[in-house]
1. If a residue has to be at pLDDT 90 or above and assigned to a helix (DSSP H, G or I) to count, how many in the range 117-127 make the cut?
2. Take Leu90 and tell me if it is touching a helix residue (DSSP H, G or I) at 6+ places or on another chain (Cβ under 9 Å) and more than 29 Å from Leu131 (Cβ to Cβ).
3. Regarding the range 56-70, can at least one residue be identified that is at positive phi and touching a helix residue (DSSP H, G or I) at 6+ places or on another chain (Cβ under 8 Å)?
4. Does the range 56-76 include one or more residues that are more than 21 Å from Leu131 (Cα to Cα), part of a helix (DSSP H, G or I) and under 17 Å from the mean Cα position of the chain (by Cα)?
5. Please state which one of His63, His32, His72 is within 30 Å of Phe11 (Cα to Cα) and either charged (D, E, K, R) or touching a residue at least 24 places away in the same chain (Cβ under 8 Å) (or both).
6. Under the condition of being among the aromatic types (Phe, Trp, Tyr) and more than 23 Å from Val113 (Cα to Cα), which residue from the range 24-55 is nearest to the chain's Cα centre (by Cα)?
7. Could you tell me whether the range 46-60 includes any residue that is of a type in the set (Val, Ile, Thr) and in contact with a Gly (Cβ under 9 Å, 6 or more places away or on another chain)?
8. Scan the range 16-52 residue by residue and report those that are assigned to a loop (DSSP other than H, G, I, E, B) and surrounded by 10 or more Cβ atoms within 10 Å (Cβ to Cβ).
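The values are calculated or read from the model by the stated rules, or taken from the named source; none is laboratory data. None of these values were measured; they are calculated from a predicted model. All Cβ positions, glycine included, derive from the backbone under ideal geometry; neighbour counts span all protein chains shown.
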Amino acid sequence: MQATSLPKKSFLLAGTAGLLGLLSLYYFFDPHQGAFPACPFYQLTGWFCTGCGSQRALHDLLHLNLLESLGHNLLLLPALVLVAWHGAHLAGVGPKAKSPLGATRAPRYILMVIGIFTLARNLPWDPFQFLAP
């Protein structure tokens with residue numbers, strides 16, 4: 001029993017260390033100042049992808065600038081909440097409610113949301129320009 005739990009614990013520790021390292025990187029280095037590479041999809045096509053603005057949004061979120069974070073990428077915060085909920089559910093901690101990401105139709109809905117969000121944030125009309133980073 002110890003042989004199977006050791007790799008799981010070491011994987012969890014490595015993942016946690018990697019996540020903390022990544023979060024500290026985004027906390028201390030400002031993507032607004034060009035500290036990170038630009039989006040290759042945007043550079044190739046001129047269109048905003050679903051993730052465009054996520055680096056700036058994460059930096060602002062780590063500095064508790066919620067409105068600025070939502071202005072860079074409106075989808076990042078709900079995505080982070082869903083991923084954290086799913087991770088807590090898989091780890092057996094937190095609320096007993098099932099994660100919506102565990103549903104069999106979740107990938108279909110996620111792809112639909114990503115597609116609609118990507119299309120909407122690239123529309124040149126007034127209400128949709130709010131979604132651009």
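1. 5
2. yes
3. Looking only at the range 56-70, we keep the residues that are at positive phi, and these are 64.
Filter once more, so that each one left must be touching a helix residue (DSSP H, G or I) at 6+ places or on another chain (Cβ under 8 Å): none.
No: the range 56-70 contains no residue that is at positive phi and touching a helix residue (DSSP H, G or I) at 6+ places or on another chain (Cβ under 8 Å).
4. Checked against the condition, which is being more than 21 Å from Leu131 (Cα to Cα), part of a helix (DSSP H, G or I) and under 17 Å from the mean Cα position of the chain (by Cα), the range 56-76 yields no hits at all.
5. Working: His32 fails: within 30 Å of Phe11 (Cα to Cα); His72 fails: within 30 Å of Phe11 (Cα to Cα).
After applying the criteria, what remains is His63.
6. The initial filter retains those residues of the range 24-55 that are among the aromatic types (Phe, Trp, Tyr), namely 26-29, 36, 41-42, 47-48.
Restricting the remaining residues to those that are more than 23 Å from Val113 (Cα to Cα) gives 26-29, 36.
On the way: Tyr26: 13, Tyr27: 15, Phe28: 18, Phe29: 18, Phe36: 16 Å.
Residue satisfying both the conditions and the ranking: Tyr26.
7. Yes: the range 46-60 contains one or more residues that are of a type in the set (Val, Ile, Thr) and in contact with a Gly (Cβ under 9 Å, 6 or more places away or on another chain).
8. Of everything in the range 16-52, those that are assigned to a loop (DSSP other than H, G, I, E, B) and surrounded by 10 or more Cβ atoms within 10 Å (Cβ to Cβ) turn out to be Phe29, Asp30, Ala35, Phe36, Ala38, Cys39, Trp47, Phe48, Cys49, Thr50, Gly51, Cys52.
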